[in-house]
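> Take this structure, written in structure tokens, and hold onto it; I'll ask about it next.
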Amino acid sequence: MGVNTYTLADITTPVAPKRMFQALQIDNHNFAKNLPQFVKSIEFVQGDSTTAGCIKQINLPDGSPVKYLKNRVDEIDFDKYYVKYTTIEGDALGDALECIVYENKFERSGTGCRFTVIAHYHTKGDAGVKEQDIAYTKEAIKENVKAVEEYLLANPQVYA
């Protein structure tokens, strides 16, 4: 087993870190209804989104190359707007991956924030990570963050 680490996002947005953190991490099971092009639904398998150990199943829209993911929250820091979680099940793992560990940080940058996603791909045996999968994931994150940003800017009362 090997571990391949990638920076999947390093995005600056004019939205405050607290609001982005709330929309993308804490309340994403409710917020997802605003972005049906990215998420069909999010269901709790265990716990809730405010505690480590929570497991969420994310169901993606029809036509997506990935049907679902199960993510377990490993660490959460509400003061630092930081979440570490692991994809423990789903099509994205395929035959090559044991799991993917993500570290998401929302840091203040001016009046907005800098959103960073670091991913650690834990491979099975000698398997590698496909560059096209990394490129697809980077683009999907970028599009998702842009859509969340646009929604929050148009609705300043949400997570204010």
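> Are any of the residues in the stretch 96-106 within 17 Å of the chain's Cα centre (by Cα), closer than 15 Å to Val15 by Cβ and not charged (D, E, K, R)?
For the stretch 96-106, residues within 17 Å of the chain's Cα centre (by Cα), closer than 15 Å to Val15 by Cβ and not charged (D, E, K, R): present.
> Being surrounded by fewer than 17 Cβ atoms within 10 Å (Cβ to Cβ) and among the charged types (D, E, K, R) is the filter here; which residues of the stretch 46-97 pass it?
Within the stretch 46-97, Asp48, Asp62, Lys67, Asp74, Glu75, Asp77, Asp79, Lys80, Glu89, Asp91, Asp95 qualify.
> Sort out which residues of the stretch 1-59 are of a type in the set (Gly, Ala, Ser) and part of a loop (DSSP other than H, G, I, E, B), and write them in order of number.
Gly2, Ala16, Gly47, Ser49, Ala52, Gly53
> Suppose we keep only residues that are part of a loop (DSSP other than H, G, I, E, B) and on the phi < 0 side of the Ramachandran plot within the stretch 115-130. Which one would you say is modelled with the highest pLDDT?
Ranking the candidates gives Lys124 first.
> Ok, one more. Kindly indicate whether Thr123 is in contact (Cβ under 8 Å) with a residue 12 or more places away in the chain, more than 21 Å from Lys56 (Cα to Cα) and either among the hydroxyl-bearing types (Ser, Thr, Tyr) or surrounded by 16 or more Cβ atoms within 10 Å (Cβ to Cβ) (or both).
The answer is yes for Thr123.
> Oh, and also: Name the residues in the stretch 62-99 that are touching a helix residue (DSSP H, G or I) at 6+ places or on another chain (Cβ under 7 Å) and of a type in the set (A, V, I, L, M), would you?
Val66, Leu69, Val83
> Still on this structure, please answer the following. Look at Glu107 and say whether it is in a strand (DSSP E or B), touching a helix residue (DSSP H, G or I) at 6+ places or on another chain (Cβ under 8 Å) and surrounded by fewer than 15 Cβ atoms within 10 Å (Cβ to Cβ).
For Glu107, the condition - in a strand (DSSP E or B), touching a helix residue (DSSP H, G or I) at 6+ places or on another chain (Cβ under 8 Å) and surrounded by fewer than 15 Cβ atoms within 10 Å (Cβ to Cβ) - is met.
> Follow-up. Just one of (1) in contact with a Leu (Cβ under 7 Å, 6 or more places away or on another chain); (2) small (Gly, Ala, Ser); (3) under 22 Å from Asn30 (Cα atoms) trips up Ala119, so point out which.
Of (1) in contact with a Leu (Cβ under 7 Å, 6 or more places away or on another chain); (2) small (Gly, Ala, Ser); (3) under 22 Å from Asn30 (Cα atoms), only one is false for Ala119: (3).
> Does the stretch 5-16 contain any residue that is exposed (fewer than 14 other Cβ atoms within 10 Å of the Cβ), touching a residue at least 40 places away in the same chain (Cβ under 8 Å) and in contact with a Gly (Cβ under 6 Å, 6 or more places away or on another chain)?
Within the stretch 5-16, one or more residues are exposed (fewer than 14 other Cβ atoms within 10 Å of the Cβ), touching a residue at least 40 places away in the same chain (Cβ under 8 Å) and in contact with a Gly (Cβ under 6 Å, 6 or more places away or on another chain).
> Follow-up question, since we're still on this one. May I ask you to say which residue of Ala135, Ala160 is more than 22 Å from Gln22 (Cβ to Cβ), out of contact with any strand residue (DSSP E or B) (no Cβ under 7 Å at 6 or more places or on another chain) and among the aliphatic types (A, V, I, L, M)?
After ruling out the rest, the residue left standing is Ala135.
> Restricting to the stretch 126-160, name every residue that is closer than 28 Å to Ala96 by Cα, among the aliphatic types (A, V, I, L, M) and surrounded by fewer than 14 Cβ atoms within 10 Å (Cβ to Cβ).
Selection gives Ala135 alone.
The values are calculated or read from the model by the stated rules, or taken from the named source; none is laboratory data. Just so we're clear, the structure is a prediction, and the values are computed from it rather than from any experiment. Backbone-built Cβ (ideal geometry, glycine too); neighbour counts: all protein chains shown.
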